Amino acid sequence: MRASEDGMKRSILTDMLSQSEHIRGLIQQSAAAVNSASAGMRPKFVNSEPLPGVGQVLDHHAAATRQLREAGERLTVLNQVLQDEIRERALLDHQLAAAFEQEEGSRKAALQDQLTGLSNRVLFYDRLEHGIAQAARHGWMLAVMFVDLNEFKKINDTHGHQAGDAVLKSIALRLAHTTRHEDTVSRYGGDEFLCLLTPLHEHEHIAMIATKMLAAIQAPCEVSGRDGPINLWVGGSIGISVFPTDGASAAELIRRADEAMYVAKENKSGFVFAQ
């Protein structure tokens, strides 16, 4: 809004400068015309008897010419001030746009995971608390999924952290694609992810999404190896907690989903609902 207002003010100043320049041009033309007329009249009366009042008229013409020139000079100064103001406005607009861009970058850095671009813990926790409030108000369910990648450490140990990062980014993108627009996928840390599903009305929908997630995770990830592209595989374990049956707070729902994830990992069952 501020940038738009400053742009409008700069446009008004530019219009004022254009009009002022036009007026200055007219004044200069008028001064030249008056001066020319006066100069043309004086020789006619040099060797003849002056007519009554002619000298006074010529003097008035000369005074008018001086006044027109002075007005033109003042307009020149005013136009310079307007030009300086326009340049200053343009500089302020540029600085303001840069500040907005920096602020947006800082906001994203504070709320997004730098590697995957997903929501970070802070944003996920905020959305989960908001989702709980909405679910309580409207009487619907929501689910928290705690996703852990199996055998991921071996990839880092064998192929290096660059390959591991590539796998994490690939998995993050797949998780985002297997959830709905209204859901939130977050990188919790390391090789762990959190997913918020809301609103929900049937447990079967949660199981369907979890099955799709596991299939997406288990598909091969093509990354750049030392000798060219290679395919790497990881598995997944998912723990699921549901509001309101498994908890009424964000911290409790995350804890219950985390516990269920360890049960799924131990049983190698893919996904498990909190008990």
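Placing dummy labels 7 Å off each Cα toward the beta-carbon, the span from N267 to E88 is 7.3 nm. Evaluated with a Cβ-only charge set (Lys, Arg +1; Asp, Glu -1), segment 186-275 carries a dipole of roughly 120 debye about its Cα centre, given to the nearest 20.
At a 1.4 Å probe radius, which order do D148, D157, D227 fall into by accessible area, largest first?
Output order, biggest surface exposure first: D227, D157, D148.
Each residue of segment 264-275 is assigned a 3J(HN,Hα), and the resulting list reads 5, 5, 5, 7, 6, 9, x, 9, 9, 7, 4, 9 Hz, derived from the Karplus form 6.51 cos²θ - 1.76 cosθ + 1.60 (θ = phi - 60°), x at Gly and Pro. A straight line joining the Cα centroids of segment 113-181 and segment 240-255 runs 17 Å.
The values are calculated or read from the model by the stated rules, or taken from the named source; none is laboratory data. What you see is a predicted model, and the numbers here were worked out from it, not measured in a lab. We place every Cβ from the backbone using ideal geometry, glycine too, and count neighbours over all the protein chains shown. These area figures cover heavy atoms from the full protein model, side chains too; ligands, DNA and RNA do not enter into them. Shrake-Rupley method; radii C 1.70, N 1.55, O 1.52, S 1.80 Å.
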